[in-house]
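Every read-out reported here was derived from the displayed coordinates using simple, explicitly stated rules and does not represent laboratory data. Remember, predicted model here, so these are calculated numbers, not experimental data. Methodologically, a virtual Cβ is constructed for each residue, glycine included, from the backbone with ideal geometry; neighbour enumeration extends over all protein chains shown.
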């Protein structure tokens with residue numbers, strides 16, 4: 001990644017070879033002209049002092065300089081002398097001009113030749129054999145461009161005998177090498193962004209701007225901005241939020257100012273405002289934040305509730321939950337109960353919440369700029385395991401929610417992943433197994449979610465979900481969906497699914513797996529941060545008497561067990 | 001409960017202790033959980049009763065904890081409630097703020113203002129000049145003595161400061 005930095009600075013466009021071709025034409029000409037002047041001066045001086053001598057005289061300093069700059073000048077001069085009949089009539093300066101002309105012609109010819117060879121190279125783009133060692137990034141970059149060029153008009157520009165998939169494979173490999181991703185993730189990204197892949201990848205290389213959230217319990221945004229400006233922080237308000245500030249530059253560490261310690265603001269990515277804004281908590285409600293560490297969203301919810309009502313902040317990992325305690329106290333939030341349960345068993349502890357926020361643990365593919373490790377470390381299994389856990393969590397979140405609530409009955413699901421499996425796939429599962437419907441998130445920007453993705457066909461209301469991308473919104477990649485729980489059970493669990501399940505698994509395999517393994521007690525290894533080994537096994541879904549075959553859509557348990565625990569990454 | 005009364009005496013807010021217990025927005029109470037004292041509304045406390053003891057990390061506001069030797073130690077998290085009610089206050093100059101936030105005592109040179117008639121060894125709340133509570137401590141000198149003290153003498157002993165939120169996150173919970 002580090003080595004890519006300098007490359008970014010080279011102007012995009014013609015590329016290295018192009019420049020090489022132009023140089024001999026333009027720059028040396030200038031150089032020569034300058035030299036000509038110097039020499040002319042020297043020669044004039046000589047003319048005054050002595051008789052004009054043939055050029056080849058060894059003692060003059062001008063010829064020495066000449067030899068310095070043109071190693072082959074001596075030879076050229078000799079030949080010029082031999083075949084030019086009127087050599088002696090010409091002034092030395094004229095001779096030199098002639099020589100230069102000749103040199104120039106030679107250069108031009110060479111340049112032209114090189115151009116031709118380059119042209120020939122681009123015309124038939126030969127795919128490499130796969131045996132090359134030590135890839136050169138500039139070459140790869142060039143090849144990425146070339147392949148993209150071919151793919152733009154495949155019929156006309158293709159090399160005979162190569163299929164589109166050959167080109168795509170090559171493109172994927174090159175992009176992987178160039179941006180150092182693994183092939184699986186790059187393949188996924190290529191599916192997601194057919195046209196704007198490169199802008200997305202480039203956006204992942206740059207950090208997002210640092211943003212802070214004003215704690216409206218303790219101060220106002222204007223006062224905070226003034227206090228920070230006095231400390232030498234250069235900032236601006238975020239337009240779409242009433243409490244957000246973006247920091248451009250700062251002289252003091254923003255995580256250690258007295259204002260920060262006094263709880264006047266929270267360091268928080270702008271994208272994590274979104275799920276809370278979508279949740280729209282009201283005063284005197286009972287709200288659950290299911291995966292809340294380190295407490296950024298929790299304190300935002302509490303601030304919107306104006307410290308009234310009752311807020312439960314849960315996180316499966318007790319160590320991470322300590323950060324919630326610290327942040328909640330620092331921000332002066334008094335209405336919060338902080339506990340550490342596996343989210344999947346939470347409905348057994350407590351239910352009847354007016355609103356539930358589920359910011360699910362995910363693969364983190366939306367925050368690659370924050371954690372570049374994701375580029376290499378994620379594979380198919382990780383995504384599947386995330387999606388499985390998320391499906392269990394969203395089911396639990398819906399069960400925690402109270403459909404008959406006067407003010408609420410809403411569940412907001414968010415991830416910092418951009419994978420369809422972890423987002424639309426999970427929502428689709430919720431829609432199929434629980435009596436919920438999608439409602440508008442209340443966020444007026446962002447792209448709507450996929451209703452159709454490749455072979456997947458989701459419910460038309462899926463367009464109410466929102467996706468955010470680094471390259472479009474300069475936010476972390478993010479997904480937000482708002483669900484409303486409807487009273488009553490969902491009857492008649494769907495028997496057959498019309499859409500082909502992902503990874504080409506036939507639909508029947510799913511249900512047979514469900515039958516074979518019993519209901520829900522074969523969760524692989526208990527998931528991510530399962531503090532109690534039994535909790536995964538004893539789980540039964542309250543409020544859902546029916547069997548839910550879709551709980552088993554994901555990875556076969558032995559496979560998942562083999563993978564190390566704790567590989568899933570909870571977004572910070 | 002008695003402990004808290006002691007705390008209140010410490011900060012001379014005993015007149016105001018009634019205000020902390022009987023509040024217009026419902027009754028509040030003190031609860032001991034895992035050797036820590038929490039100040040929490042009755043309503044929230046009942047809801048927190050659903051959570052098993054070992055899974056409950058915190059509820060309401062933590063005021064302090066009992067040490068292994070059964071002494072009560074006030075945490076900086078109580079500052080929000082103590083600050084409005086405390087009688088005796090000390091204001092720090094901006095140059096001394098950072099010193100205090102790193103856990104140092106307050107020197108005479110950093111002292112901006114001090115409440116009149118503060119007795120020696122009186123618990124005081126430490127503020128910045130912009131009236132932001134920074135922590136609390138114990139007056140090492142009475143107001144009278146402060147006037148004549150040398151610039152390098154300690155006037156307030158450090159007890160707790162908001163810098164602990166990052167320095168000492170583990171101990172707070």
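At a Förster radius of 25 Å, what calculated FRET efficiency corresponds to the Cβ-Cβ distance of residue B:104 and residue A:250, to the nearest 0.05?
Plugging the Cβ-Cβ distance into 1/(1 + (r/R0)^6) gives 0.55.
Once the piece of chain linking residue A:113 and residue A:447 is laid out straight, how much longer is it, given 0.36 nm per residue of separation minus the C-alpha distance between them?
115.3 nm
Over the range B:94-159, one equal point on each Cα, no solvent: what is log10 I(q)/I(0) by the Debye formula at q = 0.14, 0.18, 0.26, 0.29 Å⁻¹?
One equal scatterer on each Cα of the range B:94-159 leads to -0.33, -0.56, -1.24, -1.53.
Please compute the contact order of chain B in relative form: average sequence separation of alpha-carbon pairs under 8 Å and at least six residues apart, divided by the residue count, as a percent.
Working: 298 pairs, mean separation 30.7, N = 173.
In percent, rounded to a whole number, it is 18.
Using the count of nearby Cβ atoms within 10 Å as a rough guide to exposure, how do B:126, A:150 rank from fewest to most?
A:150, B:126
Enumerate the whole-percent occupancy of each 5 Å bin, from 0 to the last occupied one, for all C-alpha pair distances of the range A:219-281.
Final binned percentages: 4, 16, 29, 26, 14, 7, 3, 0.
For peptide A:316-323, what's the mean number of Cβ atoms from other chains within 10 Å of each residue's Cβ?
That average works out to 2.
Suppose each label sits 7 Å from its Cα in the direction of the beta carbon; what would the residue A:461-residue B:32 distance come out to in nanometres?
5.2 nm
How long are the semi-axes of the equivalent ellipsoid of the range B:36-118, taking √(5λ) for every eigenvalue λ of the Cα gyration tensor, in whole Å from largest down?
Values: eigenvalues 229, 45, 29 Å².
Whole-Å semi-axes of the equivalent ellipsoid: 34, 15, 12.
Please find the FRET efficiency linking residue B:138 to residue A:371, where r is the Cβ-Cβ separation and R0 is fixed at 45 Å, and quote it to the nearest 0.05.
It comes out at approximately 0.50.
Starting from the Kirkwood Rh over alpha-carbon pairs, what translational D in µm² s⁻¹ does the range A:319-432 have by Stokes-Einstein at 25 °C and 0.890 mPa s? Don't skip to the end; give the middle numbers.
Details: Rh = 15.6 Å.
Approximately 157 µm²/s, per Stokes-Einstein.
What is the fewest-to-most order of A:400, A:176 by other Cβ atoms lying within 10 Å of their Cβ? All intermediate terms of the calculation are to be shown ahead of the outcome.
Working: A:400 27, A:176 19.
Going from sparsest to densest Cβ surroundings: A:176, A:400.
Tell me, A:299, A:219 in order of fewest to most beta-carbon neighbours within 10 Å?
Result, fewest neighbours first: A:219, A:299.
Between residue A:405 and residue B:52, how high is the FRET efficiency from 1/(1 + (r/R0)^6) when r is the Cβ-Cβ distance and R₀ = 30 Å? Nearest 0.05.
Here the calculated transfer efficiency is 0.75.
Using the C-alpha gyration tensor of chain B, what are the square roots of 5 times its eigenvalues, in whole angstrom, with the largest one first?
On the way: eigenvalues 194, 60, 37 Å².
Values for chain B, descending: 31, 17, 14 Å.
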